[in-house]
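The values are calculated or read from the model by the stated rules, or taken from the named source; none is laboratory data. What you are looking at is a predicted structure, and each value in this text was computed from that prediction instead of being measured. Quick reminder, even Gly has a Cβ in these numbers, built from the backbone with ideal geometry, and neighbours come from all protein chains shown.
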Amino acid sequence: MAVNRAISIDALAALSLRDHRDCTYDFSDLARGPLIIVFVRGHWCPYCRRYLCKLQHHIPRFREFGARLVVISPEPQDTSAALVAQLRLTIPILADRNGRAIELFGVRNAFSGTTTLMPHPAVFILTADGELGFRSIDRNYKQRTSMRTILQQLRALIPA
């Protein structure tokens with residue numbers, strides 16, 4: 001999907017999240033892409049779990065384009081740490097407990113109720129200039145952006 005919603009670079013640069021190992025990720029540094037940002041619903045979602053395994057498998061392909069990968073989840077760090085260990089992931093899973101990233105990227109699932117913080121599954125790619133080059137938001141929780149699409153977008157946005 002072509003990008004049609006601008007994300008404030010200033011708001012993105014001000015964003016800072018902690019991962020499952022308690023490391024801080026400042027988007028002012030990360031936004032110097034290429035960066036693949038993936039939103040997942042949670043450890044309990046079988047579609048998210050399967051997608052995380054596919055992402056893990058494709059990390060070498062993403063690195064061919066110099067791209068880094070982060071996953072953002074609304075779950076606590078300890079829950080993500082258990083998921084990382086269980087699935088043997090090397091991908092950092094950032095905890096967005098207050099929903100700042102979910103709101104900034106416009107992926108909040110309004111169907112889940114007003115008190116539940118859950119994103120739609122989504123993929124964003126930031127270019128080396130920190131610009132938003134690609135976004136895909138899957139309103140159907142059973143669908144995910146294919147690895148093929150991510151690689152095609154990297155190829156189109158980022159010269160190898």
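Values computed for the structure shown
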item: Selection status of LEU126, touching a helix residue (DSSP H, G or I) at 6+ places or on another chain (Cβ under 7 Å) and either over 13 Å from CYS48 (Cβ atoms) or not basic (Lys, Arg) (or both); result: no
item: GLY42 part of a loop (DSSP other than H, G, I, E, B), modelled with pLDDT under 95 and either within 17 Å of LEU94 (Cα to Cα) or of a type in the set (Val, Ile, Thr) (or both); result: yes
item: Verdict on ASP29 being modelled with pLDDT under 95, charged (D, E, K, R) and crowded, with 20+ Cβ neighbours inside 10 Å; result: no
item: Breaking point among (1) within 17 Å of CYS23 (Cβ to Cβ); (2) in contact with a helix residue (DSSP H, G or I) (Cβ under 7 Å, 6 or more places away or on another chain); (3) free of Cβ contacts under 8 Å to residues at least 24 places away in the same chain, for ARG108; result: (1)
item: Pick from segment 119-139, criterion outside any strand (DSSP E or B) and at pLDDT below 90, ranking: nearest to GLU75 (Cα to Cα); result: ARG139
item: Scope segment 21-49; condition touching a residue at least 40 places away in the same chain (Cβ under 8 Å), over 14 Å from the mean Cα position of the chain (by Cα) and on the phi < 0 side of the Ramachandran plot; matching residues; result: ARG21, CYS23, ARG32, HIS43, CYS45, TYR47
item: Those residues of segment 76-114 which are within 15 Å of the chain's Cα centre (by Cα) and hydroxyl-bearing (Ser, Thr, Tyr), in sequence order; result: SER80, THR90
item: Exclusive hit being touching a strand residue (DSSP E or B) at 6+ places or on another chain (Cβ under 7 Å) and free of Cβ contacts under 8 Å to residues at least 24 places away in the same chain, set PRO92, PRO76, PRO60; result: PRO76
item: Close pairs (7 angstrom Cβ cut-off, 6 or more residues apart or separate chains): buried (at least 20 other Cβ atoms within 10 Å of the Cβ) in segment 122-142, at pLDDT below 90 and polar (S, T, N, Q) anywhere; result: GLY133/THR127
item: Boolean, PRO119 is surrounded by fewer than 18 Cβ atoms within 10 Å (Cβ to Cβ) and either closer than 24 Å to ALA14 by Cβ or without any contact (Cβ under 8 Å) to a residue 40 or more places away in the chain (or both); result: no
